Amino acid sequence: MKPDAVLGLATGESPIGTYKQLIEWYNKGDLDFSEIHTVNLDEYKGLSPENPQSYAYYMSTNLLNHVNIPKENTNIPNGLEDDSEVECARYDNILHSLGGIDLQLLGIGGNGHIGFNEPGNNFNKETHCVTLTENTIQANARFFDSIDDVPKYAYTMGIKNIMQAKGILLIASGAAKAQALYDSFYGPITPSVPGSILQLHNNVTVIADEAALSIILKEHEITPGGHIK
Ligand code: F6R
């Protein structure tokens, strides 16, 4: 609906169906990405865009190679920049110069992380370098040959960048997300559950399957398809 939108994008399993749908609509001629700009949430530190485990590679193969987004309009933190201060300042400049994100797509970690903002991380941060938690390293190990190959650091947009997006679309599926989803939207707002900050955003849409919603549905005695207050 907004041909020159700035889209904040996520990687992982959650948005795969969304990207397939966007490609399908593009192939049908219903969507034009020629004026779209994209900014990705995060990237592993130390991985090149050619590394199949990098988020840059994921974005190329799952979306960017299949639609007409000009390459120069796409942005992702540079995993090969060793100097965190330089890279984070560069990325925040891009975010600011684009005038903010129109729609930020989010997944959520089983521990409640959004982007790579892990539990305990300060809410008031822009792009920064994080040390990944053991929980996240284990969750991501399935994509690597061995757990030792999983990078220990990542660049991520901060909660502050995410909260400045005009709209947020969070996608969650599977029972492994049930507790995180419940804690994020029905628990206290606390850095121990990074997703809980979304309670303070005024335009969040959550798309989740029954398994991911199971605790919320049970606690509130709501049948699937029913309205959740
Ligand atoms: C990905 C990202 C992460 C994932 C989250 C869920 O760019 O920032 O926060 O959204 O770890 O991952 P999946 O969708 O693989 O369960």
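Of Asp102, Asp4, which has the most accessible area and how do the rest follow, probe 1.4 Å? Don't jump to the answer; show the numbers that get you there.
Values: Asp102 30, Asp4 80 Å².
Ranked list, largest accessible area first: Asp4, Asp102.
Of all beta bridges DSSP finds with both residues in the chain, what is the antiparallel percent, to the nearest 5?
Numbers: 8 of 25 bridges.
Within the chain, antiparallel bridges account for around 30 percent of the total.
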### Message
Taking a cut-off of 26 Å, what percent of all Cα-Cα pairs in the chain are separated by more than that?
### Response
35 percent
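Any idea what the relative contact order of the chain is, in percent, if you count C-alpha pairs under 8 Å spaced at least 6 apart? Spell out each step's value before the answer.
Values: 441 pairs, mean separation 45.7, N = 229.
The normalised contact order for the chain reaches 20 percent.
Rounded to the nearest 20 debye, what is the charge dipole size of the chain about its Cα centre when +1 sits on each Lys and Arg Cβ and -1 on each Asp and Glu Cβ? If you can, show how the numbers build up before the last one.
Working: 14 positive and 28 negative charges, 121 e Å.
Using only the charged Cβ atoms, the result is roughly 580 debye.
Checking the a/c ratio against 1.5 first, then a/b against b/c, what shape does the Cα gyration tensor give for the range 23-87?
Details: a/c = 3.58, a/b = 2.03, b/c = 1.76.
Because a/c hits 1.5 or more and a/b exceeds b/c, the range 23-87 counts as prolate.
Per residue, how much accessible surface does the range 130-205 expose to a 1.4 Å probe? Answer in Å², no decimals. Intermediate results must be reported in sequence, preceding the final value.
Values: 3480 Å² over 76 residues.
That works out to 46 Å² for each residue.
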### Message
Take the residue pairs Lys2/Lys166; Lys160/Lys218; Lys2/Lys28; Lys125/Lys166; Lys20/Lys177 and return only those whose Cα atoms are more than 20 Å apart.
### Response
Lys160/Lys218; Lys20/Lys177
## Note on the structure
Once the in-chain neighbours fewer than 8 apart are removed, the aspartates and glutamates whose Cα is under 13 Å from Lys71 read Glu35
### Summary
Note on the range 104-217: alpha-carbon gyration tensor, axes a ≥ b ≥ c; rule is a/c under 1.5 for rounded, else prolate if a/b larger than b/c, else oblate; result oblate
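What part of the accessible area of the chain, given as a whole %, is carbon or sulfur when the probe is 1.4 angstrom? The partial results should precede the final answer.
On the way: 5890 of 11370 Å².
The computed percentage sits at 52.
Excluding ligands, DNA and RNA, what is the solvent-accessible area per residue of the range 1-87 at a probe of 1.4 Å, expressed in Å²? Please report the intermediate quantities before stating the final value.
Values: 4530 Å² over 87 residues.
Per residue, the range 1-87 has an accessible area of 52 Å².
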### Task
Kindly sort Met1, Met157 by accessible area of their heavy atoms, largest first, with the probe set to 1.4 Å.
Met1, Met157
### Query
Which value, in Å² rounded to 10, gives the accessible area of His66 with a 1.4 Å probe and all protein chains present?
80 Å²
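What is the calculated FRET efficiency for Asn122 to Phe144, with r their C-beta to C-beta distance and R₀ = 22 Å, to the nearest 0.05? Walk me through the intermediate numbers first.
On the way: r = 28 Å, r/R0 = 1.29.
Given R0 = 22 Å and the Cβ-Cβ separation, E is 0.20.
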### Message
Could you tell me the center-to-center distance, by alpha carbons, between the range 150-210 and the range 64-133 in angstrom?
### Response
14 Å
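The values are calculated or read from the model by the stated rules, or taken from the named source; none is laboratory data. Since this is a predicted model, take the numbers as computed values, not measurements. Glycine gets a Cβ as well: all are built from the backbone with ideal geometry, and neighbour counts include every protein chain shown. Areas reflect the complete protein model, heavy atoms only, side chains present, ligands, DNA and RNA absent. Shrake-Rupley method; radii C 1.70, N 1.55, O 1.52, S 1.80 Å.
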